[in-house]
Each structure stands twice: as structure tokens, then as C-alpha cells.
Amino acid sequence: MRPEPGQVLHFSEDPTLTRFAPHVAATSGTDTPYVWAVDWRNAPSYWFPRQCPRAMAWVGDGTTDADRDRIIGAGCGERVHAIEYAWLPAMRSAKLYAYRFSDAAFRHVSSPGAQPHALVATKVVTPLGPPEPVGDLLACHAAAGIQLRLLSNLWSFWDEVIESTAGFSGIRLRIAQPRPPANG
């Protein structure tokens, strides 16, 4: 499930929304009210139950061959998403919907030094039509050639990813399983 040219998507588990008003998201690092959406490149980051912690990495322009093989996996495509085993049942059963919007009301935002990861609108926006069921989230990953790794804990993987030359994003990591105790 990706937007068509001239569109952006907002993913939700609520299929009853008819208008989106800017608000300050609890997970936002800003006090500015926004309506959040994603473009074609970033849509796969939201093929998850809303609260699912996830660590994601992809091959970027500056990714070394060594990091590609170590983080993504030799011959394993361009992108990997990792979740905790405990979230697999929710991945299988989640009912996720995509709302399509014209991209005209949205602008890109990003963290300093990072690629744009989302788009925001500062005015009320109305979807172009009714929400579309995203369907089987595992099948979305498979169809896009994105690995989905199941891990007992995300932190070792995340620590490797953020020290690599791969592109990366972490969502809802604050509610992931705690870091395992250090060996020693």
C-alpha cells in the first residue's frame, strides 16, 4: 500500500475518520500542531500495528558494501524491518487502513541531518476518499521485498544499525522491551 503520484498516505487502525485536524502528537518532538502523512518511500515504515516498536534499516547512497551485508544481509534486498516476537500476533491480525490525501497541503519535515521522513499539513485536510484496508501486513512486506526480522529484543540490532552507514528509522522504541543487562 503506497500513495500514487501527487498523493500522501496516513495509516490508522480507525476506519471512521472523515477529516484530519492538526494536533500535537504525543510522540512528536515539536509543539506545532500537524496532520502527519508519508510519501511513497516512507510508507513501508507504517505497515505495522500503530503501537508496534520497530527498528528499520535500508541501503542508502552512502551505505558501504560491508554494512549492506552486515545489516541488511548479503543478497537480501535493500531494506529490513525488525520487530519483537511478541508483536507477531498483532502483525497477523491488525486491521490497518490507509487514508489518501493530495500532497498539495503537505510539506516534508525531517530531523537535522536526516532525510525527510514524513510530511505535515498545518490546516484541516479531508481524505480523497474512504479509507482503504491495507490487508495482510506480512504480505505487504513480502510483496515489497522487505525483510521482516523477528527478534526477542530490538536493542542489539538497533545499536548496530545506528552505528552503520545504512539509513535507519526507529518507531515506538520507547515502548520496546528493555535493553538486556550488559554482560560482565
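Overview of values
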quantity: Count of the range 30-87 residues which are without any contact (Cβ under 8 Å) to a residue 12 or more places away in the chain and closer than 21 Å to ALA118 by Cβ; calculated: 4
quantity: Test: residue in the range 82-101 that is β-branched (Val, Ile, Thr), buried (at least 20 other Cβ atoms within 10 Å of the Cβ), modelled with pLDDT under 95 and in contact with a Lys or Arg (Cβ under 9 Å, 6 or more places away or on another chain); calculated: no
quantity: Top-ranked residue of the range 119-138 - restricted to ones that are of a type in the set (Val, Ile, Thr) and assigned to a strand (DSSP E or B), ranked as surrounded by the most Cβ atoms within 10 Å (Cβ to Cβ); calculated: VAL125
quantity: Meets criteria (within 20 Å of ARG174 (Cα to Cα) and modelled with pLDDT of 95 or more) for ALA55; calculated: yes
quantity: Matching entry among ARG50, ARG54 (being charged (D, E, K, R) and either touching a strand residue (DSSP E or B) at 6+ places or on another chain (Cβ under 7 Å) or more than 15 Å from SER12 (Cβ to Cβ) (or both)); calculated: ARG54
quantity: Selection within the range 145-171 - crowded, with 16+ Cβ neighbours inside 10 Å, in a loop (DSSP other than H, G, I, E, B) and under 16 Å from the mean Cα position of the chain (by Cα); calculated: ILE146, LEU154, ALA166
quantity: Subset tally (residues that are assigned to a strand (DSSP E or B), of a type in the set (Gly, Ala, Ser) and more than 17 Å from the chain's Cα centre (by Cα)) for the range 79-106; calculated: 1
quantity: Test: residue in the range 153-161 that is of a type outside the set (Lys, Arg) and closer than 27 Å to ALA98 by Cα; calculated: yes
quantity: Selection status of THR27, modelled with pLDDT under 95 and under 16 Å from the mean Cα position of the chain (by Cα); calculated: yes
quantity: Residue check for ALA176: under 18 Å from the mean Cα position of the chain (by Cα), surrounded by 12 or more Cβ atoms within 10 Å (Cβ to Cβ) and more than 11 Å from ALA82 (Cβ to Cβ); calculated: no
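The values are calculated or read from the model by the stated rules, or taken from the named source; none is laboratory data. All of these numbers come straight from a predicted model, not from anything done at the bench. Because the Cβ atoms are built from the backbone with ideal geometry, glycine has one as well, and the counts that use them run over all protein chains shown.
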